[in-house]
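Note sheet for the following structure.
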Amino acid sequence: MPRVCRPLLVGALALAVLAFPAVAGADHATRPHTPNIHAKGHSPHPATFEGEPDGVRHISSDLAFEGNLAFNGNYDGWRVVDISDPDSPVELAHPSCNGDQGDLVVFGNILVRSWNSKKTTARTCLGATVPAGWEGVHVFDISDPVSPVLKAAVELPCGSHTVTVAGVSNNRLIVYSNNSSSSGCGVGLDLAGQNALGDFMDVIAVPLNDPAGAGLINRVPLAGPATDMRTGCHDAAVIRGTVNLAACASGDTTNVFSIGAPRGGTLEDPQLLYTIVEPGVGQAGTFGRWHSAAFTWDGKVLALGWEPGGGGAPFCTANGTPVPVAGTFVTQTDTHKSVFFYDAATGHKLGQWVLPRPQTLEENCTIHNYNVVPLRSGRHVLVSGNYQAGTWVTDFTDLAHARTVAWSDPPSLGQVSTPTGEVVNELGGAWSSYWYNGFIFESEITRGLNVFRLSDPSTSGAIRLSRLNPQTEEFSVP
């Protein structure tokens, strides 16, 4: 039977809480939440992570936006959702591409999607056969978003877990592909050989006038001890404008690169500036790795998060709780449920925010995917999706005293039966939550796309964007 957490008052605001019963299958309007976050529309896509095997699973993953369209990644392709009416988002299409993860980026008429790992049997992508053992990225022409055309399949040495837009150079879209782990890289290699092949960030070029000519143009080596987790970036963040930095969340060592003026390097050939190692993150015995990165729009602060337990473990419980992971128990601490803030110029640590609302041992939870609200006010506000802890908004303008602004926290999904009959905790919640043009969009793993509106002065005057790949800030704000 699920354990129910009593709603907590969070931060200096002592925010009032609207509490609702933990009803199974309750939508995003009936969750416990602060009164300043308002549920808007919902585009349903019911699925199960644990109840279906690979190849059948079609859960929702990451998001990208182009105009009034949301592209909601999926373990079987992606959904195209019209978000012009936030109260009533409408699914327009669900192109099928049967490789798991489904992280994606969009840029004009181009969509690039990650194919995460080798499959033992052939699969299909928009009807084209994907051979057993293939992994990499697919490139699509989305001139007609509801009828995409597969233009290229770029095979990569270690596949693609996530993709990040770097920008346009020489009339080519430059995309960084991240393999997340070197496990299984190559053919017939031992552990050392796999690590040697996988410890890179891959650079892909997609000609804007000929997407079919897409290809791998560089493999950027990564620095760091990699004392516990396998090598490779999990994800990368980019900021352009006058800043030109990229941050690769890799193993136990985040790599920060210059990708242009004033520090050097290029989009195609990033130049390593420094690395970040945080005690307790990604080192031996921590069962996790750096996961996500985001810059403030002025380029001054880098926000980093990690994923203990690989995303399937309940690492947002009360401190001191023994958390089961990998056949042992790890004691819950603040480090497991934090976002860390660093000086983007030097890597010096500036602060830390800890999720204040304990979750149950049934709820998988980390600070997962997030972005910073584009503001000209000088304030720094983070919107984050945290699996079964839901969606949170954090003001970290005062880096020594980051404060919670709002949250919406779903009840536990409980347990389900796997295809083999084992009863386990369901994996679900907010894969990612992002601010885009005045609203918060949440990709809920087992339910689809949720829309929220925040009523709080901290985000007043937010900049409207023509598109958003949440890991990429295409300009900087002075």
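Determine ³J(HN,Hα), in whole Hz, for all residues of region 311-324 in sequence, where each value follows from phi through the Karplus function 6.51 cos²θ - 1.76 cosθ + 1.60 and θ = phi - 60°; x replaces Gly and Pro.
Whole-Hz 3J(HN,Hα) from phi for region 311-324: x, x, 9, x, 9, 10, 7, 5, 4, x, 5, x, 9, x.
Would you report the distance distribution of C-alpha pairs in region 315-354 as whole percents per 10 angstrom bin, up to the bin with the largest distance?
So the P(r) values, bin by bin, are 30, 35, 24, 12.
Given (1) 67, 28, 19; (2) 30, 25, 24; (3) 120, 21, 18 as candidate values of semi-axes √(5λ) of the Cα gyration tensor in Å, which corresponds to the one derived from the coordinates?
From the options (1) 67, 28, 19; (2) 30, 25, 24; (3) 120, 21, 18, the structure gives (2).
Could you check how much of the accessible area of region 351-478 is carbon and sulfur, as a whole percent, using a 1.4 Å probe?
In region 351-478, the share of accessible area belonging to carbon and sulfur is 51 percent.
For region 468-473, in order, what is each residue's ³J(HN,Hα) by Karplus, 6.51 cos²θ - 1.76 cosθ + 1.60 with θ = phi - 60°, in whole Hz (x at glycine and Pro)?
Going residue by residue, I get 8, 9, x, 7, 10, 9 Hz, with x marking Gly and Pro.
May I ask for the net charge around Gly99, where only other residues with Cβ less than 9 Å from the Cβ of Gly99 are counted and Lys, Arg are +1 while Asp, Glu are -1?
0
Give me the extension gain from Ser88 to Lys118: residue separation times 0.36 nm, minus the current Cα-Cα distance, reported in nm with one decimal.
Result: 7.1 nm gained on full extension.
Using the heavy atoms of the protein chains alone and a 1.4 angstrom probe, what is the accessible area of region 335-469 per residue in square angstrom?
Working: 3820 Å² over 135 residues.
Heavy-atom SASA per residue in region 335-469 reads 28 Å².
What net charge is computed for the residues neighbouring Asn109, neighbours being all others with C-beta under 11 Å from the C-beta of Asn109, Lys and Arg scored +1, Asp and Glu -1?
For residues surrounding Asn109, the net value is -2.
Once you compute Rg and the Kirkwood Rh from C-alpha atoms, what is the Rg to Rh ratio for region 416-478?
For region 416-478, the value is 1.17.
What is the Cα convex hull volume of region 313-380 when expressed per residue in Å³?
About 122 Å³ per residue, rounded to a whole number.
Gain in length, Val146 to Thr328, computed as 0.36 nm per residue apart minus the alpha-carbon separation, to one decimal in nm?
Length gained between Val146 and Thr328: 60.9 nm.
Net charge near Ala39, counting Lys/Arg +1 and Asp/Glu -1 over other residues with Cβ under 15 Å of its Cβ?
Computed value for this residue: -2.
What ³J(HN,Hα) values, in whole Hz, does the Karplus curve 6.51 cos²θ - 1.76 cosθ + 1.60 give for region 51-65 when θ = phi - 60°, with x put for Gly and Pro?
Computed from phi, the couplings for region 51-65 are x, 10, x, 4, x, 10, 4, 9, 5, 7, 10, 8, 10, 9, 9 Hz.
Keeping all protein chains in the complex and leaving out DNA, RNA and ligands, what accessible area do you get for Arg219 with a 1.4 Å probe, in Å² to the nearest 10?
Result for Arg219: roughly 50 Å² accessible.
With the alpha-carbon atoms as the only input, what is the per residue convex hull volume for region 27-132 in Å³?
Dividing the Cα hull volume of region 27-132 by its residues yields 122 Å³.
Determine the distance separating the Cα centre of region 259-281 from the Cα centre of region 364-398; give it in Å without decimals.
23 Å
Give the relative contact order (percent, whole number) for region 255-411; include only Cα pairs under 8 Å separated by 6+ residues.
16 percent
Based on the alpha carbon coordinates of region 303-421, what radius of gyration and maximum Cα-Cα distance (Dmax) apply, in Å?
That works out to 15.5, 54 Å for Rg and Dmax.
Could you grab the relative contact order for the chain? Cα pairs under 8 Å, six or more apart, rounded to a whole percent.
16 percent
Averaging sequence separations of C-alpha pairs under 8 Å and six or more residues apart, then dividing by the length of region 325-478, give the relative contact order as a whole percent.
Working: 304 pairs, mean separation 29.4, N = 154.
It rounds to 19 percent for region 325-478.
Would you please give the residues with an amide H less than 5 Å from that of Ala402, counting only those at least 5 places away or on a separate chain, with H modeled from the backbone geometry?
Gln352
Bins of 5 Å, beginning at zero and ending with the bin holding the largest distance: percent of Cα pairs per bin for region 100-241, please.
Spelled out per bin, shortest first, that is 2, 10, 20, 23, 19, 14, 7, 3, 1, 0.
Return the tail of the calculated pair distribution for region 102-184, meaning the percent of Cα-Cα pairs more than 14 Å apart. Display every interim value, and only then the final one.
Values: 2112 of 3403 pairs.
When every Cα pair of region 102-184 is considered, 62 percent fall beyond 14 Å.
Restricting things to Cα coordinates, could you compute the convex hull volume per residue of region 23-87 in Å³?
110 Å³
List the lysines whose alpha-carbon lies under 20 Å from that of Lys40, not counting same-chain residues fewer than 8 positions away?
Lys40 reaches no qualifying lysines.
For a quick check of your reading of the filter: which chymotrypsin sites (Phe, Trp or Tyr not before Pro) in region 227-294 sit in a DSSP loop and have no more than 14 other Cβ atoms within 10 Å? Write out the running numbers ahead of the final one.
Working: sites: Phe257, Tyr274, Phe287, Trp290; in loops: Phe287.
Qualifying residues, ordered by number: none.
The values are calculated or read from the model by the stated rules, or taken from the named source; none is laboratory data. Note that the structure is predicted; figures quoted are calculated from it, not measured. Note that each Cβ is placed from the backbone with ideal geometry, even for glycine, and that neighbours are counted across all protein chains shown. Quick note on the areas: whole protein, heavy atoms, side chains included, nothing else; ligands and nucleic acids left out. Shrake-Rupley method; radii C 1.70, N 1.55, O 1.52, S 1.80 Å.
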